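Values quoted throughout were computed directly from the atomic coordinates according to the rules given, and no laboratory measurement underlies them. Just so we're clear, the structure is a prediction, and the values are computed from it rather than from any experiment. Glycine also receives a Cβ, built like all others from the backbone with ideal geometry; neighbour counts cover every protein chain displayed.
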Amino acid sequence: MSQKIQTALISVYHKDGLEEILQELNNLRIKFISTGGTREFIESLGYECEGVEEVSGYPSILGGRVKTLHPKIFGGILYRRENEADKKQVKAYDIPSIDLVIVDLYPFEQTVAAGGSEEEIIEKIDIGGISLIRGAAKNHKNVLIVSSREQYKPLYDLLKEKQGETDEEDRRWFAKEAFKVSSGYDSAIFRYFDENANSALRVSHDEGKQLRYGENPHQKGIFYGDFNKIFDQIHGKEISYNNLLDIDAAISLIADFDETALAILKHNNACGMACRPTVKEAWEAALAADPVSAFGGIVVTNRTVDKAAAEAINSIFFEVIIAPSYDKEALDILSQKKNRIILVLKSAGKALQPMQYRSVLNGMLVQDRNVSIQHATDLQVVTDKAPTASETEDLLFANILVKHTKSNAIVLAKNKQLIASGTGQTSRVDALNQAIEKAGNFKFDLQGAVMASDAFFPFADCVEIAHEAGITAVIQPGGSIRDADSVDYCNQNGVSMVTTGVRHFKH
């Protein structure tokens, strides 16, 4: 049903962008009703405007907390134009017909983010605005609701195109946008009051980015989040669903390292990783672990990429590189491939949300992010032989890597270089055998290497296999009722073992 806008109620916190809308509404001879500062703004442009107080017969009270909350205002918005009983009541109580509502909400989230006081934050919980939005959206068969500055352009285009006429499809679209605004606003308020309590789940993201596809071409994919808050993409093609998964894994891994480090990831697992004095040296050591898997992978480092590193890295095909900065010469080299995605990481901390969410069955799983990192002081030596200082460094290096590797996981490392890993296996023995075979394929000598396990050893089989391959030190959480079996074997064969007390499953 087409309907002509005759009266607009306008009450906004932000005035920017409103002038063009007001001019078009005035050209269409639409009457204005408004409040306080918005009324002053409208009248400053030379347009006539009736105050809400004049319509309701009540002044703004309680320091502005109550202005629009009145039956004459909400009656004008909510009455059903086709309902005879509603028409009679509207006429009996002299209630004006309001066909267009333009409102925005107090900046609650911005006030919280800016560190506002409790009093300031509470005063930014909008009551009248949110009620106007919900009321107008509910009665979208008769009323057009504009609930955000983001909707000014579609409103302006609609006014221009249809000269003040709207149909139900138009009004329904704006109503949908209004409920998106109101639900997001209420979720933000709830999260403020429920800080760290997790008594309920409220997740709200607007304007999801349509991806080319999901995990596979036949699947639809959308990203909800602010990618540009974390990264500057300075080169390359559009980022895909799978790229985002790998980028998330890469940032999570590199955030756990303070010294110069570089990792190469494939399908969320590190296939190469090393800590070295320079990025170029770290690249060379990381690539050596598995140059086959590195093809088409994700490269991440926590230091500036210079020309020497870029020349080395540019020797193979990879999809994404992430670093805090790049030398100009390095960018010139890395940009030679037009589709290569080059990202500047603004802050690893911004990328790591404190909570992780995963859909499962008909609901969601929520957990704290695994931010646990073990240090030398956290290690308990459970064997007669203690690891050497260099072995301890390698054990801590490998323990971080195994934390970021799909379970069941085994990581073999030496001289702060990933030698090989066993990833996502249903048996820990299979994971270890996979790692040993892979190390052999790339001609690594495992004599003096260390092993990290993401969970305890229920039997001594893994330490037996590791020792026979040349492994001299082991790190694991401990906690099995048969820990003694593994410890006894290590003692009998001169292998050192430390436990952390922290399991690092990653499913």
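With only Lys, Arg, Asp and Glu charged, each at its Cβ (+1 for the first two, -1 for the last two), find how big the charge dipole of the range 223-349 is about the Cα centre; round to the nearest 20 debye. Kindly include the intermediate steps, with their values, before the conclusion.
Numbers: 12 positive and 17 negative charges, 57 e Å.
The calculation lands at about 280 debye.
What does the net charge come to around residue 54 if you take all other residues with beta carbon closer than 11 Å to its beta carbon, with K and R at +1 and D and E at -1?
Details: positive: 39, 72; negative: 50, 53.
Net local charge, residue 54 excluded: 0.
How big, on average over all directions, is the shadow cast by the Cα convex hull of the range 378-462, in nm²? Each step should come with its number before you reach the end.
On the way: hull surface 22.3 nm².
That works out to 5.6 nm².
Relative contact order of the chain: 9 percent, from C-alpha pairs under 8 Å at least 6 residues apart in sequence.
For the peptides 291-297, 274-280, what is the packing order when you average, over each peptide's residues, the other Cβ atoms within 10 Å and list the highest mean first?
Values: 291-297: 16.4, 274-280: 18.6.
My ranking of the peptides, most packed first, is 274-280, 291-297.
Entry note, the chain: the mean residue ellipticity at 222 nm calculated from DSSP H runs of n ≥ 4, each adding -39500 (n - 2.57), is -11500 deg cm²/dmol after division by the residues and rounding to the nearest 500.
Less than 5 angstrom separates the built amide H of residue 6 from those of 99, all sequence-distant by 5 or more or on a different chain.
Each part reduced to its alpha carbon centroid, the range 114-162 and the range 226-244 end up 31 Å apart.
The average projected area of the range 414-507, computed from the convex hull of its Cα atoms over all directions, is 5.7 nm².
Using only alpha carbon pairs under 8 Å that are at least six residues apart, calculate the relative contact order of the range 351-440 and give it in whole percent. Before the final figure, lay out the partial values.
Working: 109 pairs, mean separation 14.7, N = 90.
Once normalised by length, the contact order is 16 percent.
The Stokes-Einstein estimate for the range 3-193, based on a Kirkwood radius over Cα pairs and taken at 25 °C with 0.890 mPa s viscosity, is a diffusion coefficient of 144 µm²/s.
Gain on full extension, evaluated as 0.36 nm per residue between residue 222 and residue 482 minus their Cα-Cα distance, stands at 89.0 nm. Label positions at residue 468 and residue 215, each projected 7 Å from the Cα along the C-beta direction, are separated by 3.5 nm. Toward the positive end of the charge dipole of the range 53-162, with +1 on the Cβ of Lys and Arg and -1 on the Cβ of Asp and Glu, the farthest Cα among 131, 90, 69 is that of 90.
Antiparallel versus total DSSP beta bridges in the chain: what percent is that, nearest 5? Among the beta bridges of the chain, antiparallel pairing accounts for roughly 55 percent. The residue among 288, 490, 225 whose Cα reaches farthest toward the positive pole of the charge dipole of the chain, with charges on the beta-carbon of Lys, Arg, Asp and Glu, is 225.
Can you tell me what share of the DSSP beta bridges in the range 3-193 is antiparallel? A percent to the nearest 5 is fine.
20
Can you give the extra length, in nm with one decimal, that the chain gains between residue 91 and residue 23 once fully stretched, where that is 0.36 nm per residue apart less the Cα-Cα distance? Present the calculation step by step, with values, prior to reporting the outcome.
Working: separation 68, 0.36 × 68 = 24.48 nm, distance 3.02 nm.
Working it through step by step, the gained length comes to 21.5 nm.
Extension gain, residue 312-residue 237: 0.36 nm per intervening residue step, less the Cα-Cα distance, totals 24.8 nm. Listed by Cβ neighbour count within 10 Å, with the fewest neighbours leading, 235, 14 appear as 14, 235.
Once the Cβ-Cβ distance between residue 368 and residue 114 is put in as r, and R0 is 45 Å, what FRET efficiency do you end up with, to the nearest 0.05?
Values: r = 26 Å, r/R0 = 0.58.
It comes out at approximately 0.95.
Using the Cβ of residue 460 as centre and a radius below 13 Å, the other residues enclosed give a net charge of -4, where K and R count +1 and D and E count -1. For the range 161-177, putting each phi into the Karplus relation 6.51 cos²θ - 1.76 cosθ + 1.60 with θ = phi - 60° gives couplings of 6, 10, 6, x, 8, 9, 10, 5, 5, 4, 5, 5, 4, 5, 5, 4, 5 Hz, in residue order, rounded to whole numbers and with x for Gly and Pro.
In this simple spin-label approximation, residue 461 and residue 54 carry label points 7 Å from Cα along the Cα→Cβ vector, and these lie 8.7 nm apart.
Taking 45 Å as R0, compute the FRET efficiency from the Cβ-Cβ separation of residue 258 and residue 162 and round it to 0.05.
Values: r = 60 Å, r/R0 = 1.34.
According to the calculation, E is roughly 0.15.
Please report the relative contact order for the range 3-193, taking Cα pairs under 8 Å with a sequence separation of at least 6, and give it as a percent rounded to a whole number.
It comes to 24 percent, rounded to a whole number.
Taking the range 15-75, which GluC sites (Glu not before Pro) meet the DSSP loop condition and have no more than 13 other C-beta atoms within 10 Å?
Values: sites: 19, 20, 24, 40, 43, 48, 50, 53, 54; in loops: 48.
When the GluC sites (Glu not before Pro) of the range 15-75 are filtered for loop state and at most 13 Cβ neighbours within 10 Å, 48 remain.
What net charge do the residues around residue 485 carry, taking every other residue with its C-beta under 11 Å from that of residue 485, with Lys and Arg at +1 and Asp and Glu at -1? Local net charge: -3. 3J(HN,Hα) along the range 86-94: 5, 4, 5, 5, 4, 5, 5, 9, 6 Hz, from the Karplus curve 6.51 cos²θ - 1.76 cosθ + 1.60 with θ = phi - 60°, whole Hz, x for Gly and Pro. Normalising the Debye intensity of the range 151-261 to I(0), with uniform scatterers on Cα atoms only, and taking log10 at q = 0.11, 0.15, 0.17 Å⁻¹ returns -0.64, -1.01, -1.11.
The distance from the alpha carbon centre of the range 185-212 to that of the range 456-500 is 45 Å, rounded to a whole number. Compactness of the range 196-334 was expressed as the Cα radius of gyration divided by 2.2 N^0.38 Å, which yields 1.14.
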